[in-house]
Amino acid sequence: MDATTKQRILKGGLDAYAAIVREHQGMLLSYALRRLGDWTMAEEVVQLTFIRAYQKLSEFRPNEEFGVWLCVTCKYLILS
């Protein structure tokens, strides 16, 4: 995610965030499923991950890889 997309989302551009979710949801679901081994739990933790990521988006640095940032967020949700 670049700085322009981040700013658009922070200003209320939910369509831009929806596109980001669609882009990363398959990868994140695969990650969560491998860690949890349960489809329903994986779906729930992925949904929580995207909610948490949206809430903490101001902390994301655009020079980082957004998919990795999501996986780290997902990992901490699984551990908690």
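Relative contact order for the chain using alpha-carbon pairs under 8 Å, separation at least 6, rounded to a whole percent? Show your work: numbers first, answer last.
Numbers: 54 pairs, mean separation 28.6, N = 80.
That works out to 36 percent.
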Calculated Rg and Dmax of the chain using C-alpha coordinates, Å: 12.3, 37
Calculated FRET efficiency for the pair M27/R61, C-beta based, R₀ 22 Å, to 0.05: 0.65
Over the range 1-41: Rg over Rh, Cα atoms, Kirkwood Rh: 1.15
Spatially proximal lysines relative to K75 (Cα-Cα < 24 Å; intrachain offsets below 8 disregarded): K6, K56
Accessible carbon and sulfur surface of the chain relative to its total accessible area, %, 1.4 Å: 52 percent
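The values are calculated or read from the model by the stated rules, or taken from the named source; none is laboratory data. This one's a predicted model, so the numbers in the text were calculated from it and none came from an experiment. Positions of Cβ are generated from backbone atoms using ideal geometry, with glycine treated the same way; all protein chains shown enter the neighbour counts. Accessible surface areas use protein heavy atoms only, side chains included; no ligands, DNA or RNA. Shrake-Rupley method; radii C 1.70, N 1.55, O 1.52, S 1.80 Å.
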